[in-house]
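Trainee: Below is the structure I would like to discuss, written out as structure tokens.
The values are calculated or read from the model by the stated rules, or taken from the named source; none is laboratory data. None of the values given here were measured: they were computed from a predicted structure. Cβ coordinates were reconstructed from backbone atoms using ideal geometry, including for glycine residues, and neighbour counts include every protein chain displayed.
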Amino acid sequence: MRAENKDLNFIQTLNNKLIRKDSVLDLSYERMGNAGIVFLCRNKDLSHVQKLDLSWNELTDEGIKVLTGSSSLAGIKHLILNANQIGDEGAMSLANSKNLPNLESVELTNNQISDFGALSIVKSQYLLNLEFVDLEMNKLGKQKLTRFPDGAVVSKLRVLNLRRNLLNDENIADWAQAGAFEKVVHLNLGWNQITSQGARILAHSPTLNRLEALILDSNHISDPGALDIANSKHLGNLVQLYMQDNKIGRAGETALRAMRSRILLDKKRKDNYLHLNEQRLDNKDIVSLAQYEKLDGIVSLSLRNNHFDYHGVQELAHSPYLKNLKSLNLMTNAVEDKGAVLLAESPNLSQLENLNLENTGITSLGLLALSQSPHISRLKELNLSNNNLGEKGFRILAESKNFKNLNKLRVSGVSFGDTEFQTLIQSDTLKQLEELEIMGNVISRKSLDSLLDSKLFSQLKKLDLRRNSLKDVDLIFLADSPKFQSLEALRF
């Protein structure tokens with residue numbers, strides 16, 4: 001394409017995007033070069049733009065100087081400059097610009113910025129609303145710092161990404177000495193050249209006491225560095241720590257897992273309630289958690305949607321610190337029948353009143369173990385939804401004395417029909433049941449008629465029948481029935 005045609009196409013594209021006055025202006029991959037930036041800043045009103053993407057545009061420091069000198073950028077909150085040729089001069093132009101008072105995030109991935117330019121942005125005296133800085137794949141660490149930018153770190157800075165650079169232990173010492181991390185809550189140092197010495201520097205730096213997430217994966221850290229991190233008195237707010245692909249052995253891994261369990265428990269515990277849902281906890285994490293003495297006194301423990309199986313359940317069942325536990329949520333973990341057996345055999349869980357085993361892979365065998373347990377006999381709430389219980393499972397539910405105290409039962413999505421439902425409602429054991437959730441099954445009108453004639457119906461207060469094999473006429477029956485409408489809550 002001829003140069004003049006390329007320019008005309010660019011101008012037409014730009015005019016089409018600007019005429020709508022959208023808050024987002026995406027000019028990535030336009031390859032406009034510095035000349036395009038000059039044209040943009042001198043001829044176009046950008047006062048309505050809040051997010052500007054100039055990635056892959058062959059921009060250099062000269063273009064950034066023009067851009068940051070434009071007085072129409074005051075509304076910009078998010079500036080994306082990835083994959084250009086920006087160096088320290090461009091970074092300093094950005095840091096020293098008085099025209100970006102509302103800038104909250106800047107992305108500079110895959111440029112040519114070194115430590116001084118990066119620190120200039122982090123310590124800018126003008127970008128006072130800056131919260132997020134992405135400097136992945138630059139030249140950090142390539143040369144030793146010989147001078148440091150003046151001033152303090154931007155007070156609102158929270159996220160700093162320095163991933164995939166050349167940072168080594170000496171560079172980390174420089175950044176820590178410069179106070180660059182003191183406001184940061186999320187720090188990514190993955191894929192650099194940090195060893196145990198650098199990890200020690202981080203662990204002993206009081207400027208990291210706000211950190212909630214620290215990424216150190218794919219470096220060269222061994223056990224001594226891992227132990228320093230694990231024993232740091234400055235990382236007490238850390239919730240997420242990633243150190244995969246290092247040289248850490250068993251001692252370091254054990255210490256790090258113990259640290260994570262300690263911090264999670266301290267941060268997530270509310271009175272005697274501990275909710276650790278979706279924390280990616282595996283069996284080894286559960287080992288550390290179960291052995292932590294501060295677990296003592298917990299009455300409610302929720303571990304929904306993690307990554308452990310019956311081996312983790314075994315650690316919980318054997319923990320001497322869960323003797324006061326009344327509520328346990330294991331939903332969406334691979335507990336399976338082996339895990340149910342381990343729960344049933346644990347004298348430490350004798351106070352349990354609420355057990356959630358939804359989507360845990362248990363069958364009638366696991367339910368049988370619970371039904372015969374000499375310890376688990378106080379259950380008031382039981383969730384067995386999304387498991388394969390079969391007709392035998394419902395007979396166990398209906399007949400076991402261990403379930404006589406149930407007042408709330410959830411068996412949604414277990415593919416049971418009228419036969420299993422009949423077994424349930426004719427139970428002489430479930431005399432306390434007040435809430436029944438049976439969504440997503442295949443019960444029909446026959447079950448509704450049987451329920452009305454059963455002893456169970458007289459004690460029911462809440463019933464959830466959604467997503468079953470009910471016809472329109474059946475739903476009308478439910479809506480018009482005085483008996484069903486007398487329930488406190490009816491969903492269908």
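Trainee: Would you tally the residues in the range 126-142 being farther than 15 Å from N192 by Cβ, touching a helix residue (DSSP H, G or I) at 6+ places or on another chain (Cβ under 8 Å) and in a loop (DSSP other than H, G, I, E, B)?
Mentor: Residues meeting the conditions: 3.
Trainee: Out of the range 443-471, which residues are within 41 Å of the chain's Cα centre (by Cα) and not aliphatic (A, V, I, L, M)? Break it down into steps so the answer makes sense when it comes.
Mentor: Initially, the range 443-471 is screened for residues within 41 Å of the chain's Cα centre (by Cα), giving 443-444, 459-471.
Answer for the range 443-471, where residues must be within 41 Å of the chain's Cα centre (by Cα) and not aliphatic (A, V, I, L, M): S444, Q459, K461, K462, D464, R466, R467, N468, S469, K471.
Trainee: Condition check: in contact with a Gly (Cβ under 8 Å, 6 or more places away or on another chain), among the polar types (S, T, N, Q) and more than 24 Å from I298 (Cα to Cα). Does S232 satisfy that?
Mentor: Details: in contact with a Gly (Cβ under 8 Å, 6 or more places away or on another chain): no; among the polar types (S, T, N, Q): yes; more than 24 Å from I298 (Cα to Cα): yes.
Considered against the rule, which asks whether it is in contact with a Gly (Cβ under 8 Å, 6 or more places away or on another chain), among the polar types (S, T, N, Q) and more than 24 Å from I298 (Cα to Cα), S232 comes out as no.
Trainee: Something else about it: Return the only residue of F416, F484 being more than 21 Å from I362 (Cβ to Cβ), out of contact with any Ser or Thr (no Cβ under 8 Å at 6 or more places or on another chain), surrounded by 18 or more Cβ atoms within 10 Å (Cβ to Cβ) and of a type in the set (F, W, Y). First the steps, then the outcome.
Mentor: Values: F416 fails: more than 21 Å from I362 (Cβ to Cβ).
Step by step, each of F416, F484 is checked, and only F484 is more than 21 Å from I362 (Cβ to Cβ), out of contact with any Ser or Thr (no Cβ under 8 Å at 6 or more places or on another chain), surrounded by 18 or more Cβ atoms within 10 Å (Cβ to Cβ) and of a type in the set (F, W, Y).
Trainee: Among the residues of the range 117-127, is any in contact with a Leu (Cβ under 8 Å, 6 or more places away or on another chain), surrounded by fewer than 21 Cβ atoms within 10 Å (Cβ to Cβ) and of a type outside the set (A, V, I, L, M)?
Mentor: Checked against the condition, which is being in contact with a Leu (Cβ under 8 Å, 6 or more places away or on another chain), surrounded by fewer than 21 Cβ atoms within 10 Å (Cβ to Cβ) and of a type outside the set (A, V, I, L, M), the range 117-127 yields at least one hit.
Trainee: Given the range 180-286, what strands (runs of 3 or more DSSP E) lie entirely inside it while holding 3 or more residues that are at pLDDT 95 or above and either touching a Ser or Thr at 6+ places or on another chain (Cβ under 6 Å) or closer than 30 Å to L328 by Cα (or both)?
Mentor: Numbers: elements: 186-188, 213-215, 240-242, 273-275.
Hits in the range 180-286: 273-275.
Trainee: What number of residues within the range 437-454 satisfy the criterion of being touching a strand residue (DSSP E or B) at 6+ places or on another chain (Cβ under 9 Å) and assigned to a loop (DSSP other than H, G, I, E, B)?
Mentor: Applying the first criterion (touching a strand residue (DSSP E or B) at 6+ places or on another chain (Cβ under 9 Å)) to the range 437-454 yields 437-439, 451.
Now restrict to residues that are assigned to a loop (DSSP other than H, G, I, E, B): 438-439.
Going through the range 437-454 one residue at a time, the tally reaches 2.
Trainee: Touching a Gly at 6+ places or on another chain (Cβ under 9 Å) and either surrounded by fewer than 18 Cβ atoms within 10 Å (Cβ to Cβ) or not aromatic (F, W, Y) (or both), is that true of S196? I'd like the intermediate steps shown before the answer.
Mentor: Details: touching a Gly at 6+ places or on another chain (Cβ under 9 Å): yes; either surrounded by fewer than 18 Cβ atoms within 10 Å (Cβ to Cβ) or not aromatic (F, W, Y) (or both): yes.
In short, yes.
Trainee: So, in the range 225-247, how many residues would count as being among the β-branched types (V, I, T) and surrounded by fewer than 21 Cβ atoms within 10 Å (Cβ to Cβ)?
Mentor: Selection size over the range 225-247: 1.
Trainee: Do any residues in the range 120-138 that are over 22 Å from A83 (Cβ atoms) have Cβ atoms under 6 Å from those of residues that are part of a helix (DSSP H, G or I), where the two are at least six apart or on different chains, and which pairs are they?
Mentor: Hits for this filter: S124/A95.
Trainee: If you go through the range 21-59 one residue at a time, how many are surrounded by 19 or more Cβ atoms within 10 Å (Cβ to Cβ) and among the β-branched types (V, I, T)?
Mentor: Of the residues in the range 21-59, 2 are surrounded by 19 or more Cβ atoms within 10 Å (Cβ to Cβ) and among the β-branched types (V, I, T).
Trainee: Something else now. If I ask for residues that are in a loop (DSSP other than H, G, I, E, B) and closer than 19 Å to S377 by Cβ, which ones from the range 297-329 would you list? Break it down into steps so the answer makes sense when it comes.
Mentor: Filtering the range 297-329 for residues in a loop (DSSP other than H, G, I, E, B) gives 297-299, 303-308, 319-326.
Within the range 297-329, V299, L322, K323, N324, L325, K326 qualify.
Trainee: Here's something else I'd like to know. Select, from D150, D115, the only residue that is acidic (D, E), out of contact with any Gly (no Cβ under 6 Å at 6 or more places or on another chain) and at pLDDT below 95.
Mentor: On the way: D115 fails: at pLDDT below 95.
Exactly one of D150, D115 is acidic (D, E), out of contact with any Gly (no Cβ under 6 Å at 6 or more places or on another chain) and at pLDDT below 95, namely D150.
Trainee: Here is a follow-up. Within the range 143-157, does at least one residue satisfy the condition of being of a type in the set (F, W, Y) and within 23 Å of L238 (Cα to Cα)? Break it down stepwise before answering.
Mentor: Step one: filter the range 143-157 for residues of a type in the set (F, W, Y), giving 148.
Adding the requirement that they be within 23 Å of L238 (Cα to Cα) leaves none.
No, the conditions are met nowhere in the range 143-157.
Trainee: Tell me whether the range 321-340 contains one or more residues that are crowded, with 22+ Cβ neighbours inside 10 Å, touching a helix residue (DSSP H, G or I) at 6+ places or on another chain (Cβ under 8 Å) and aromatic (F, W, Y).
Mentor: No - not one qualifying residue is present in the range 321-340.
Trainee: Among the residues of the range 455-476, count how many are closer than 23 Å to L379 by Cα and out of contact with any strand residue (DSSP E or B) (no Cβ under 7 Å at 6 or more places or on another chain).
Mentor: Of the residues in that region, 5 qualify.
Trainee: Still on this model: Being farther than 16 Å from H275 by Cα and buried (at least 17 other Cβ atoms within 10 Å of the Cβ) is the filter here; which residues of the range 298-311 pass it? Show your work before the answer.
Mentor: Step one: filter the range 298-311 for residues farther than 16 Å from H275 by Cα, giving 309-311.
Correct list: D309, Y310.
Trainee: Determine the pairs where a residue that is polar (S, T, N, Q) and in a strand (DSSP E or B), located within the range 154-179, has a partner that is crowded, with 18+ Cβ neighbours inside 10 Å and at pLDDT 95 or above with Cβ atoms under 6 Å apart, the partner being 6 or more residues away or on another chain.
Mentor: N161/D134; N161/E136; N161/N188
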